[in-house]
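For reference, the structure discussed in these notes is given below.
The values are calculated or read from the model by the stated rules, or taken from the named source; none is laboratory data. Everything numeric here is computed off the predicted structure, so don't read it as measured data. Positions of Cβ are backbone-derived with ideal geometry, glycine not excepted, and every protein chain shown enters the neighbour counts.
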Amino acid sequence: MDRTTRPLVIFAAFAGSLVVGLVLMLWAVGGLRTVTAPAAIGGPFQLTDQAGQVVTDRNLKGKPTLIFFGFTHCPDICPTSLFEISEVLKAMGKDADRVNAYFVSVDPERDTGAAMKDYLSSFDPHLKGLTGDPEAVAKVLSEYRVYAKKVPLKDGDYTMDHTALIYLMDRDGHFVSPFNLKRTAEEAATDLKRYL
C-alpha cells in the first residue's frame, strides 16, 4: 500500500464505522423503524340502541360518524363530552340529520337500554346510546382500541376508567382521527360538514 492510498483507506474505514455506529444508535433509541400501516381502528360489531334497535358497523356507512365510549355513571368526562357533541350537532342545524352520533357503553353491567334512554334524554336527540352483552361490548372495545377497566370504590360500588376520545369515522366507516371538541361548536360543526 503506497502513501497516497493509505490515508484514503483509513478515511473510508473511519466513515464506514461512523455510518454503522449511527445506524446502531438510531436502532437502539427507536429512531430506525420500518414504515408500517397504522393499526386499524373500527371493525364489525353488533349492539343495541336505547330504542331496542340493532346497530352494526354497517350503520356507519353513508354518513360521517362521531363515536364516544363512556358510561352512564360517569361523573364528569362523559356528560361534558356528550354535552359538547350535542352543541356541535345543534350548530349543524339540519345537517345534523346527515351525521351518526353514538355513545357506546363501556359498562354493560349497568348500562341497559332503559338506562341509556334515560341518560341520553338530557342530550341532543341525534345521539344514540349503544350497549349489549359483555362479549359484544368487549368486541367493539377491542375493534376500536378502547381501554376500559372497572375500578372498585370503597363503598363496594365501582367506576370505569376508560379512553375518552371522540372518534371521527368517514362515510365509508373508516377511522379519520380523534375529533377535536376544544374549539367553538360552530368551528367543530364546520369541520364535520367537510365529511358529509
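In the range 40-99, which residues are among the aromatic types (Phe, Trp, Tyr) and either touching a strand residue (DSSP E or B) at 6+ places or on another chain (Cβ under 6 Å) or in a helix (DSSP H, G or I) (or both)? Those that are among the aromatic types (Phe, Trp, Tyr) and either touching a strand residue (DSSP E or B) at 6+ places or on another chain (Cβ under 6 Å) or in a helix (DSSP H, G or I) (or both): 68, 69, 71, 83. Of 154, 139, all but one fail to be surrounded by fewer than 14 Cβ atoms within 10 Å (Cβ to Cβ) and either touching a strand residue (DSSP E or B) at 6+ places or on another chain (Cβ under 7 Å) or of a type in the set (Lys, Arg) (or both); the exception is 154. Quick check: anything in the range 177-191 in contact with a Cys (Cβ under 9 Å, 6 or more places away or on another chain), at negative phi and in the same structural domain as residue 67 (by TED's automatic domain parsing)? Scanning the range 177-191 turns up no residue that is in contact with a Cys (Cβ under 9 Å, 6 or more places away or on another chain), at negative phi and in the same structural domain as residue 67 (by TED's automatic domain parsing).
Residues checked against (1) crowded, with 18+ Cβ neighbours inside 10 Å; (2) in contact with a Phe, Trp or Tyr (Cβ under 7 Å, 6 or more places away or on another chain); (3) closer than 30 Å to residue 183 by Cβ:
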residue: 93; (1), (2), (3): no, no, yes
residue: 119; (1), (2), (3): yes, no, yes
residue: 132; (1), (2), (3): yes, no, no
residue: 135; (1), (2), (3): no, no, no
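Does residue 164 qualify as being out of contact with any His (no Cβ under 8 Å at 6 or more places or on another chain), small (Gly, Ala, Ser) and part of a helix (DSSP H, G or I)? Answer is no for this residue.
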